[in-house]
Amino acid sequence: MSEPKPSQPNFSHLEEADYTGRMRQHDRLFGLLAIAAGLIFLQGYMIAPLIPRLAEIFDVSAQEIGFIVPAYMLAYALAALFYGILSDRFGRWPVIQISIIVFITCTALTATAQTAAQMTFWRLLTGLGASGVIPLTFALIGDMFPYNQRGAKLGLVFAAMEGGMAAGSAGGAILEPFLGWQLLFIGTATAPVIVLWRLRRYGALFDAPKATKIPALATVFAGYWAVLSNFRGMRTYGYVLCNGIYHSGVYTWLGLYLSQRYEMDTLSIGLNILGYGVPGLIFSPLIGKAVDRWGRRWLIPPGLAMAAIAGLTMVPFIPPLAVTMAILVMSLGYDLTQPLFVGIVTDLAEEDTLGQTMGLKVFTLFTGFGIGSWLFGEVLHWGFEVALVAFGVMQLLSAIAAIPLFWNEKPSPINVSA
């Protein structure tokens, strides 16, 4: 009689426990990165509602002090191109650390500004420093998750960014009369210190560098051309730019709009734009899951149209409550578009150039933000009605064109290994 074979040990429960532990670490990592992204958006969005107040403080026109917005946005856009390339070579984590440190330093130093020119200078430097966190967080999602699982993680990050928008939009305007604008910047610089300290324990979760050397300039531009030369890339980046122009243009001047049309003070402005960012804070995770299940073609055109209609609603004189509702709808329109564009961009890149591709996306978006805030301010010479109609009609036309242009953006099938 043959002896029975010894049973093989079953390690499946250990593998499952290890996988669960890694997923918890990933959740904590992206939770902290999401908070960092939210804080960057908080300080970025608390500026626009303060434009009327800062114009008084520095004794300049609203248009002159308003230049601090495009100065920050365009500097942010330019630096994003280099952070992505550096992270592909040296790794995401070292570059994210440097970006957060520069962001903290320059945000705190903004409180020392004595003139509009000095504030513009510090906002420009802050933009150069801050732009490494968000694109590299997006790139990290592309590193760690397949295309059909990225929507939920992107939704988490965008929820935090929208929360930052909401807190910055309303919080800055509400708190400024009590704290002063200097303390707003000092407080905003303090919170990221805690996030950076907590992030240090998760450095091992970041992937190793994807590239062995920094590419030559010709290679960099060849990579950009490779992304933009195909229809999917050119269409997506084009919409990222135009959508950024619209949202930044309208949002940047909401404070002045409410001040001039309804004679609101800073506190009232903050209360009326309190809803900007709230829809994303609530619905971004659900939108991300809906994208993974049904695809982007059902969400992008309605999101563009909602934002356009919200802006056009504010052309005639309407009650302040109606303006608040329009701002909520415009914010939701942003949530249904920009996070979805990011998901497409993560699918356009090769593994060793994902940081570069995400840098190009952020460059495009923040270039749109900078152009939009500047261009809307220029059109304001003809009044808010003309500016809102011009921007709203262009956004509505882009929504109509998006129906056929994004029709092939269906959810990817899930690969099941045998």
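Numerical summary
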read-out: Single residue of region 176-205 satisfying the filter (of a type in the set (A, V, I, L, M, F, W, C), open to solvent by 20 Å² or more (accessible area, probe 1.4 Å) and in contact (Cβ under 8 Å) with a residue 12 or more places away in the chain) that is nearest to A55 (Cα to Cα); value: L183
read-out: Residue match in region 331-340 (condition: surrounded by fewer than 21 Cβ atoms within 10 Å (Cβ to Cβ) and assigned to a helix (DSSP H, G or I)); value: no
read-out: Qualifying residue in region 139-151 (condition: under 12 Å from the mean Cα position of the chain (by Cα), in a helix (DSSP H, G or I), surrounded by 24 or more Cβ atoms within 10 Å (Cβ to Cβ) and not charged (D, E, K, R)); value: no
read-out: Set G129, G155: member being over 18 Å from G355 (Cα atoms) and open to solvent by less than 10 Å² (accessible area, probe 1.4 Å); value: G155
read-out: Among the residues listed as I68, I47, the single one being surrounded by 24 or more Cβ atoms within 10 Å (Cβ to Cβ), aliphatic (A, V, I, L, M), at pLDDT 90 or above and over 20 Å from V342 (Cα atoms); value: I68
read-out: Given (1) modelled with pLDDT under 95; (2) of a type outside the set (A, V, I, L, M); (3) surrounded by fewer than 18 Cβ atoms within 10 Å (Cβ to Cβ), number of the condition E409 does not satisfy; value: (3)
read-out: In region 273-306, the residues that are buried (at least 24 other Cβ atoms within 10 Å of the Cβ), closer than 12 Å to A170 by Cβ and not aromatic (F, W, Y); value: I273, G277
read-out: Residue tally, condition within 15 Å of the chain's Cα centre (by Cα), at pLDDT 80 or above and of a type outside the set (A, V, I, L, M, F, W, C), over region 164-178; value: 2
read-out: The listed residue being of a type in the set (K, R), buried (at least 21 other Cβ atoms within 10 Å of the Cβ) and in a helix (DSSP H, G or I), out of R89, R123; value: R123
read-out: Residue match in region 214-232 (condition: more than 29 Å from Q149 (Cα to Cα), part of a loop (DSSP other than H, G, I, E, B) and without any contact (Cβ under 8 Å) to a residue 24 or more places away in the chain); value: yes
read-out: Condition met for A62 (crowded, with 22+ Cβ neighbours inside 10 Å and farther than 27 Å from K289 by Cα); value: no
read-out: Some residue of region 311-328 being more than 19 Å from G172 (Cα to Cα), in contact (Cβ under 8 Å) with a residue 40 or more places away in the chain, under 23 Å from the mean Cα position of the chain (by Cα) and open to solvent by less than 40 Å² (accessible area, probe 1.4 Å); value: yes
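The values are calculated or read from the model by the stated rules, or taken from the named source; none is laboratory data. The shown structure was predicted, so the numbers you read here are calculated from the model rather than taken from an experiment. Positions of Cβ are backbone-derived with ideal geometry, glycine not excepted, and every protein chain shown enters the neighbour counts. SASA here: full protein model, heavy atoms, side chains in, ligands and nucleic acids out. Shrake-Rupley method; radii C 1.70, N 1.55, O 1.52, S 1.80 Å.
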